[in-house]
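Report on one structure; see the data block that follows.
The values are calculated or read from the model by the stated rules, or taken from the named source; none is laboratory data. Since we're looking at a predicted model, the values are computed, not measured. In this analysis, Cβ positions are derived from the backbone assuming ideal geometry, glycine residues included, and neighbour counts consider all displayed protein chains.
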Protein chains: 2
Amino acid sequence: MEKDLGALVMGLGRRLIAMEQPILARHGVSMWGYVVLTALRDNPMRTQAALAASINADKTRLIPVLDELQRRGLIEREPDPRDRRVRLLGLTPDGRDLQQRVQTDIRKDEKSLMSEMSDEEQAAFRRHLEKLS
Amino acid sequence: MEKDLGALVMGLGRRLIAMEQPILARHGVSMWGYVVLTALRDNPMRTQAALAASINADKTRLIPVLDELQRRGLIEREPDPRDRRVRLLGLTPDGRDLQQRVQTDIRKDEKSLMSEMSDEEQAAFRRHLEKLS
DNA sequence: TATTGTTATACTCTATAACTATA
DNA sequence: TATAGTTATAGAGTATAACAATA
């Protein structure tokens, strides 16, 4: 009775979310907040729309997230002087620190989740996930 | 800049959903409808609550799904004569056929998705997913 | 006129609580 | 009184459309 790939992936997704939730709560950041911080660490963005597209989010539902992150001093978000319609986005030092701390905690849990696999198996699994996603 | 496991899994999940949606639409069944049919094929259930628990769903949000499947003659859903509070659930022959057809189509797409991996790699990937999910 | 960001609105999904029917 | 199922309601999350500012 072989399960669909979809069911397996959904199961793992649920498990990872359950794992990450206490970590995110401990650091006082939402899932979307963390996703945004991570995206901006990887590359600063010139527009909110580009950021939204890069994380498969709607631009409108990002706005409350950005408001909150900015209010807490975790991101910079200033109008581009050369085109004042766009908002230049980037992490503040505090934002970079927080992203790093959350990611470290998440990595630790992921590592223990996969601890039954050998290092080579873990690498292959990650590699396949990257190719498929 | 290594990505979180969560991001990779979510990406694959989105991709699989996008892949399955046209198939489900073609067969006129919803995602939850297919999940229910698959769960009942694997083992008939004595109560709706047990079915809900087995697929990580709330029992209340299953009811419209069961109504629809029953209306279309895809499931049986009759009160247990020995305790008329509970509904015995199972597939009709039509339901079993439909589940089989949808699953065959989904398997075909999954196979092409993973076609760049060798048979052994595919098996290992599935095995790891099963262990982790 | 076109584009970025924002706000307002509606829609979907899900969960909570109240109700019924059986036991 | 307790349990299975159902219905009604409310809440969260998301998307759509209208709007304001700038080009």
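Rundown of residues vs (1) at the interface with chain B (Cβ under 10 Å from one of its Cβ atoms); (2) charged (D, E, K, R), yes/no style:
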site: A:LEU88; (1), (2): no, no
site: A:PRO93; (1), (2): no, no
site: A:ARG96; (1), (2): no, yes
site: A:GLN100; (1), (2): no, no
site: A:THR104; (1), (2): no, no
site: A:LEU113; (1), (2): yes, no
site: A:GLU120; (1), (2): no, yes
site: A:PHE125; (1), (2): yes, no
site: A:GLU130; (1), (2): yes, yes
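With respect to B:LEU40, determine if the residue is within 10 Å of chain A (Cβ to nearest Cβ), away from DNA strand C (no atom under 16 Å from the Cβ) and in a helix (DSSP H, G or I). Working first, answer last.
Details: within 10 Å of chain A (Cβ to nearest Cβ): no; away from DNA strand C (no atom under 16 Å from the Cβ): yes; in a helix (DSSP H, G or I): yes.
When the stated conditions are applied, B:LEU40 does not pass them.
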From A:ILE75, A:ILE63, A:ILE17, which residue is in contact with a helix residue (DSSP H, G or I) (Cβ under 8 Å, 6 or more places away or on another chain), on the phi < 0 side of the Ramachandran plot, among the hydrophobic types (A, V, I, L, M, F, W, C) and exposed (fewer than 14 other Cβ atoms within 10 Å of the Cβ)?
A:ILE63
Given the conditions (1) in contact with a Leu (Cβ under 7 Å, 6 or more places away or on another chain); (2) more than 11 Å from chain B (Cβ to nearest Cβ), and given that A:PRO22 satisfies all but one, which numbered condition is not satisfied?
(1)
Which condition breaks for B:PRO22 when tested against (1) within 18 Å of A:GLU2 (Cα to Cα); (2) more than 14 Å from DNA strand C (Cβ to nearest atom)?
(1)
So B:ARG85 clears everything in (1) surrounded by 12 or more Cβ atoms within 10 Å (Cβ to Cβ); (2) within 16 Å of DNA strand C (Cβ to nearest atom); (3) not in a helix (DSSP H, G or I) except one condition, right? Which one?
(1)
Does region B:101-133 hold any residues that are within 19 Å of the chain's Cα centre (by Cα) and exposed (fewer than 12 other Cβ atoms within 10 Å of the Cβ), and which are they?
B:THR104, B:LYS108, B:LYS111
Taking only pairs six or more apart or across chains, which ones have beta-carbon atoms under 7 Å, a first residue in region A:1-15 that is facing chain B (nearest Cβ under 7 Å), and a second residue that is hydroxyl-bearing (Ser, Thr, Tyr)?
A:LEU8/B:SER133; A:GLY11/B:SER133; A:LEU12/B:SER133; A:ARG15/B:SER133
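For residues in region B:43-63 being in a helix (DSSP H, G or I) and in contact with a strand residue (DSSP E or B) (Cβ under 8 Å, 6 or more places away or on another chain), which is nearest to DNA strand D (Cβ to nearest atom)? Steps first, please.
Step one: list which residues in region B:43-63 are in a helix (DSSP H, G or I), which gives B:48-54, B:59-63.
Restricting the remaining residues to those that are in contact with a strand residue (DSSP E or B) (Cβ under 8 Å, 6 or more places away or on another chain) gives B:48, B:51, B:54.
Numbers: B:GLN48: 4, B:LEU51: 8, B:SER54: 12 Å.
Top of the filtered list is B:GLN48.
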Can you find a residue that is within 14 Å of chain B (Cβ to nearest Cβ) and modelled with pLDDT of 95 or more anywhere in region A:63-86?
no
Test result for A:LEU66, under 23 Å from A:SER133 (Cα atoms) and in a helix (DSSP H, G or I):
no
Restricting region B:43-60 to residues that are away from chain A (no Cβ under 14 Å) and touching a Leu at 6+ places or on another chain (Cβ under 7 Å), the residue that is surrounded by the most Cβ atoms within 10 Å (Cβ to Cβ)
B:LEU51
